[in-house]
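Visitor: Would you mind keeping the following structure in view while I ask a few things?
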Amino acid sequence: MINADVIIVGGGPAGASCAWMLRRYGREAVVLEKDTFPRTKPCAGWITPAVLKSLDVGPGAYPFGMIAVRHIDVHAFGKRFSLPVRQYSIRRSEFDAWLLERAGVPVFTHRARRIRQEGQVYVIDDRFRCRFIVGAGGTACPVYSIFFRKQRPRSRECLIVTLEEEFACPGADAATRLWFFEDGLPGYAWLVPKEGGYINVGLGAKYHRLGGRGGELREHWSKFLKKLENLSITGDREFSPRRHAYFIRRDTGPMQLGNAYIAGDAAGLATVDMGEGLGPAIRSGILAADAIITGKPYSPAGLRRFSLWSFIFPGL
Ligand SMILES: Cc1cc2nc3c(=O)[nH]c(=O)nc-3n(C[C@H](O)[C@H](O)[C@H](O)COP(=O)(O)OP(=O)(O)OC[C@H]3O[C@@H](n4cnc5c(N)ncnc54)[C@H](O)[C@@H]3O)c2cc1C
């Protein structure tokens with residue numbers, strides 16, 4: 001049996017940020033992560049200046065490729081305009097691996113499945129034991145489903161379904177683009193260039209507003225590919241986009257029960273307008289660590305619910 005004061009299930013941005021903060025304050029923590037990093041994660045990979053601030057890192061201190069995005073080419077309601085912004089784009093495989101390594105805590109490659117509470121301790125798969133447990137395993141986090149599902153139910157209205165693909169496209173036109181509500185999509189599509197000649201394309205929509213139990217997303221994807229073809233960046237590429245789902249925020253219950261906490265997508269914290277999940281994941285991971293260190297209550301009160309305005313005015 002491996003004993004630790006705090007065990008964090010999931011080594012994505014929420015888990016890594018929680019581990020990083022705990023270690024900074026001298027608390028013993030270990031991470032259980034089912035995948036070996038660097039791993040692929042479906043994500044457009046745009047981050048705000050607030051994310052870098054939370055991580056205590058300047059853009060120049062990030063050791064991998066990061067593009068500073070200053071304008072977004074926005075398409076909405078048949079109009080097209082250039083929106084001045086202050087954002088950054090990163091590749092998730094690099095960003096997540098860097099965050100987890102920077103946390104500097106032991107990481108066990110292990111998929112947590114069975115978790116039980118025995119008095120004051122949590123036992124995971126009869127192999128790990130801890131006093132505090134943090135669920136940071138994303139949408140399918142077992143800490144959420146075992147301890148929180150009943151008290152913090154997820155609503156179908158908050159489910160976002162996505163299709164996404166990232167690919168190498170050296171020398172492509174480097175404009176970041178967003179298409180809102182095109183062809184009746186209840187959401188938006190994106191094209192986000194990354195450093196090193198990569199491009200991320202995808203679309204995300206509210207599941208309950210899509211017909212055909214979400215199957216309609218594929219039809220939107222086909223229409224989206226036509227737009228990309230017109231931009232002459234996809235060539236004759238055969239796309240096979242990955243599907244992923246996550247929840248935007250709706251505070252329906254606690255994020256802490258005894259010494260169990262949930263953070264990031266496990267708690268369903270993405271912003272309600274843009275589905276920004278990285279900022280809330282990182283902030284909630286840090287807040288969970290703070291609550292463990294200080295014993296203060298843990299809640300989403302300090303987390304942003306919206307991100308549209310902070311696109312343009314990062315100080316907000
Ligand atoms: C297509 C798409 C595009 C997006 N684009 C953006 C964007 O541009 N900007 C933005 O801010 N947000 C974006 N988001 C949202 C963002 O990706 C998530 O909100 C963010 O990844 C949440 O981080 P997390 O650490 O909570 O979860 P995750 O990043 O999902 O990390 C969870 C980790 O837990 C591990 N894990 C899962 N189950 C277990 C288990 N049982 N045992 C051990 N380990 C486990 C997983 O392997 C994973 O590494 C996007 C989401 C999608 C789907």
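Visitor: Tell me which residues, restricted to segment 284-295, are of a type outside the set (A, V, I, L, M) and either free of Cβ contacts under 8 Å to residues at least 12 places away in the same chain or surrounded by fewer than 24 Cβ atoms within 10 Å (Cβ to Cβ) (or both).
Guide: Passing the criteria: ASP290, THR294, GLY295.
Visitor: Hey, another quick one. Evaluate segment 7-26: report whether one residue or more is more than 27 Å from ALA291 (Cβ to Cβ) and touching a Pro at 6+ places or on another chain (Cβ under 9 Å).
Guide: The answer is no; no qualifying residue exists.
Visitor: Still on this structure, please answer the following. Residue by residue through segment 44-76, note down the ones that are part of a loop (DSSP other than H, G, I, E, B) and of a type in the set (Asp, Glu).
Guide: Residues of segment 44-76 part of a loop (DSSP other than H, G, I, E, B): 44-45, 48, 55-58, 62-66.
Passing the criteria: only ASP56.
Visitor: Another question, then. State the number of residues belonging to segment 247-276 that are under 17 Å from GLY187 (Cβ atoms), β-branched (Val, Ile, Thr) and more than 9 Å from the ligand (Cβ to nearest atom).
Guide: 2
Visitor: Has segment 189-206 got any residue that is free of Cβ contacts under 8 Å to residues at least 24 places away in the same chain and either touching a Lys or Arg at 6+ places or on another chain (Cβ under 7 Å) or more than 14 Å from the ligand (Cβ to nearest atom) (or both)?
Guide: No, because not a single residue in segment 189-206 is free of Cβ contacts under 8 Å to residues at least 24 places away in the same chain and either touching a Lys or Arg at 6+ places or on another chain (Cβ under 7 Å) or more than 14 Å from the ligand (Cβ to nearest atom) (or both).
Visitor: Filter segment 141-151 for residues that are part of a helix (DSSP H, G or I) and without any contact (Cβ under 8 Å) to a residue 60 or more places away in the chain; which is surrounded by the fewest Cβ atoms within 10 Å (Cβ to Cβ)? Reasoning before the result, please.
Guide: In the first step, residues of segment 141-151 are kept if they are part of a helix (DSSP H, G or I); the result is 142-148.
Next, from what is left, pick out any that are without any contact (Cβ under 8 Å) to a residue 60 or more places away in the chain: 145-146.
Working: SER145: 14, ILE146: 18.
So, considering only residues that are part of a helix (DSSP H, G or I) and without any contact (Cβ under 8 Å) to a residue 60 or more places away in the chain, the one surrounded by the fewest Cβ atoms within 10 Å (Cβ to Cβ) is SER145.
Every read-out reported here was derived from the displayed coordinates using simple, explicitly stated rules and does not represent laboratory data. The structure presented is a predicted model; accordingly, all values stated were derived computationally and were not measured. No Cβ is skipped: glycine too gets one built from the backbone with ideal geometry, and neighbour counts run over all protein chains shown.
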